[in-house]
Structure formats: C-alpha cells, structure tokens
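Have a look at the structure below, then the notes.
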Amino acid sequence: MSAASEVLSASRPTRIGMIVPSSNTCLEPMTYRILGERDDVTVHSARIPVTRIALDAGSDQQFDAAGMRAAAELLATADVDVIAWNGTSGSWLGVGHDEAIAAEITRATGVPATTSTLAYFAAFRRFGISGIGLLTPYTADVNEQVAARYSENGVIVAGHTALGLSDNEAFGRVRPEALVDPSIALAEAGPDALVYLCTNLYGAPIVAEVEARTGVPVLDSVAVTLWHSLELAGSPLLDARWGRLLA
C-alpha cells in the first residue's frame with residue numbers, strides 16, 4: 001500500500017462549482033444555509049466581473065462566454081462534478097444564450113453544466129409550470145424583457161413586480177420581509193408558481209411563509225440553481241422549506 005493511499009479518503013462529497021457575479025453577496029451564504037448540516041455536498045466558487053443589471057451593451061458584455069469559460073476552467077481543477085453559472089442573465093438575454101454558455105463550459109472542461117435560467121426551465125418542465133408571478137429587484141424594463149423571453153419559451157408572466165434597482169450589490173441588501181406583501185399580491189392572479197428572479201436576492205428565507213400563506217409554489221433563484229446542480233450530480237435534493245417542489 002502506497003503512502004498516498006494511506007492518507008487519502010476513498011470517497012469524497014459531491015462538489016458543485018459555481019460561477020458567481022463578483023458583487024453578489026447572497027448566493028454563497030444562502031447556498032450553505034440551504035444545505036444546512038449536510039456533509040455530502042461542498043460548494044466551490046469562481047467570480048466574474050458583474051456590477052450592474054440593465055438592458056444595454058455594457059451590461060450584456062459582463063456575461064460573455066469567454067469569461068465564463070475561464071472561470072469554469074479554474075473550477076474544473078478542483079475536480080467538481082457540475083458547474084453552474086449562478087446568475088439569471090439568460091432570463092433577459094434568452095435561453096439560447098445560456099444553452100450556449102453551458103455547452104461551452106462542458107466542451108472546455110468535460111464537466112456537466114447548467115445556469116440559473118436553465119435550472120428554472122428544467123423546473124418549469126418538470127412541474128408543468130406555464131404561468132408565473134415574477135418578482136425581481138430589477139428595473140421594470142428588465143422584467144418586461146424577461147417576460148418576452150419567457151413567452152418565447154412557453155412560460156407566461158401573468159404579473160410582475162420590479163423593485164427598480166440596477167446596482168447588483170444593492171440587490172443583496174433588500175430585506176427578505178419586504179418581499180412578502182408583493183408576493184401575496186402576485187399570488188392573487190393564481191399563477192402556477194412565484195419566481196424570485198435574482199441570485200443576489202434573499203428570497204429563500206421567506207419561501208416557506210409565502211407558500212403557506214398563498215398555497216402557490218415558490219421558486220427562488222439560489223434554491224433552484226442548487227436543486228438543478230444537485231440533480232445533475234445525482235445527489236439528494238433539498239428540504240421542502242426551501243420550496244416544496246424542490247424537495
């Protein structure tokens with residue numbers, strides 16, 4: 001028996017690699033809160049420059065495939081089992097944009113890949129969701145672009161609320177309790193699900209409360225990206241308090 005075999009574990013936890021917007025302060029701590037005391041999964045991050053969300057070329061350039069590929073190549077050196085672009089830009093840039101990113105990541109690294117937007121559409125298909133209530137920290141024009149893109153892919157935004165912010169760092173300072181009343185109002189239209197769209201928005205802490213008060217399932221961006229990453233890695237899914245559909 002070699003010296004290495006005596007000190008190295010024969011098994012290891014599932015490793016999820018996440019590409020993180022540089023100014024995001026929510027998704028990493030929230031992901032670990034969702035995982036709780038689980039020791040069968042570890043999460044490893046690489047950051048790309050993202051500071052502002054708007055509908056213009058300067059904002060769109062933050063989400064180019066070259067930057068994603070470079071971050072993914074670094075994550076792959078940690079022998080991760082799946083890589084997720086943990087940002088929602090594909091929701092307004094288009095599902096095809098994120099499909100191309102995921103394909104490029106896998107081509108460059110050999111690792112299965114997803115994104116927050118692809119995770120949402122996997123959930124929409126799995127759970128038969130065709131109409132949603134949308135809540136974001138973004139400006140109204142971004143929400144309207146999201147609605148148009150989702151409609152192209154068979155999901156109707158029945159109602160939406162935009163908090164009117166564009167500074168990505170500020171999204172992480174929105175109080176979770178400030179999302180409750182807008183969520184209840186959106187649920188009155190009877191959507192198949194409510195969507196908290198932004199991985200820098202602390203929506204997950206109120207999911208259980210909103211589901212209990214409205215009877216409508218809630219899909220939070222941080223939770224749904226983790227759910228899809230776990231699914232791709234073949235690992236157990238989430239506790240129901242983070243979204244009853246994701247359990």
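Using helices alone, I'd like the mean residue ellipticity at 222 nm for the chain: each DSSP H run of four-plus residues gives -39500 (n - 2.57), total over residue count, nearest 500. List each step's numbers first, then the result.
Working: 12 runs with 107 residues, N = 247.
That calculation yields -12000 deg cm²/dmol at 222 nm.
Using amide H atoms built in the peptide plane, which far-off residues or other-chain residues are under 5 Å from residue 161 H to H?
134, 135, 136
Using Cα atoms only, what is the angle between the long axis of helix 140-152 and the major principal axis of the chain, expressed in degrees (0 to 90) to the nearest 10?
Orientation of helix 140-152: about 70 degrees from the principal axis.
Mind giving me the nanometre distance, one decimal, between the label points for residue 213 and residue 184, set 7 Å out from Cα along Cα→Cβ?
Label at residue 213, label at residue 184, 0.4 nm between them.
Binning every alpha carbon pair distance of the stretch 115-247 at 5 Å from zero, what are the percents per bin?
Per 5 Å bin, starting at 0, the Cα pair percentages come out as 2, 11, 22, 26, 22, 13, 4, 0.
Going by average Cβ neighbours within 10 Å, how do the peptides 100-108, 43-51 rank, with the highest at the top?
Details: 100-108: 18.2, 43-51: 16.3.
In descending order of packing, they fall as 100-108, 43-51.
Enter the angle in degrees (range 0 to 90, nearest 10) between the Cα long axis of helix 221-233 and the first principal axis of the Cα atoms of the chain, meaning the one along which they spread out most.
40
State, to one decimal in nm, how far the label point of residue 244 lies from the label point of residue 170, with both points 7 Å from Cα in the Cβ direction.
Going from the residue 244 label point to the residue 170 one covers 3.5 nm.
In Å and whole numbers, how far do the C-alpha atoms of the stretch 110-162 stretch along each principal axis, longest first?
Sorted largest first, the three principal extents are 38, 23, 17 Å.
So in the chain, what percent of DSSP beta bridges are antiparallel if you round to the nearest 5?
Details: 1 of 29 bridges.
Around 5 percent antiparallel, to the nearest 5.
Can you give me the three principal axis dimensions of the stretch 163-230 from its C-alpha atoms, in Å, biggest first?
31, 31, 17
Please give the contour-minus-distance gain from residue 8 to residue 141: 0.36 nm per residue of separation, less the Cα-Cα distance, rounded to one decimal in nm.
On the way: separation 133, 0.36 × 133 = 47.88 nm, distance 5.26 nm.
Working it through step by step, the gained length comes to 42.6 nm.
Taking all protein chains in place and a 1.4 Å probe, what share, in percent, of the accessible surface of the chain do carbon and sulfur account for? Don't skip to the end; give the middle numbers.
On the way: 5170 of 9990 Å².
C and S atoms contribute 52 percent here.
Label residue 104 and residue 126 with points 7 Å out from Cα along Cα→Cβ: what is the distance between them in nm?
So the label points at residue 104 and residue 126 sit 2.7 nm apart.
Can you list the equivalent-ellipsoid semi-axes of the chain, largest first and in whole Å, using the square root of 5 times each Cα gyration tensor eigenvalue? Before the final figure, lay out each step's value.
Numbers: eigenvalues 176, 87, 50 Å².
Here the semi-axes work out to 30, 21, 16 Å.
Could you state the angle between the C-alpha long axis of helix 95-109 and the longest principal axis of the C-alpha atoms of the chain, as a value from 0 to 90 degrees rounded to the nearest 10?
Helix 95-109 and the main axis of the chain meet at about 10 degrees.
For the stretch 137-206, what's the relative contact order in percent, using C-alpha pairs closer than 8 Å and at least 6 residues apart?
Value for the stretch 137-206: 36 percent.
Convex hull over the alpha-carbon atoms of the stretch 64-164: what's its volume per residue in Å³?
So the per-residue hull volume is 98 Å³.
The values are calculated or read from the model by the stated rules, or taken from the named source; none is laboratory data. Model, not experiment: these values are computed from the prediction. Cβ sites come from the backbone with ideal geometry, for glycine too, and all protein chains shown count toward neighbours. Side chains included, ligands, DNA and RNA excluded: accessible areas come from the protein's heavy atoms. Shrake-Rupley method; radii C 1.70, N 1.55, O 1.52, S 1.80 Å.
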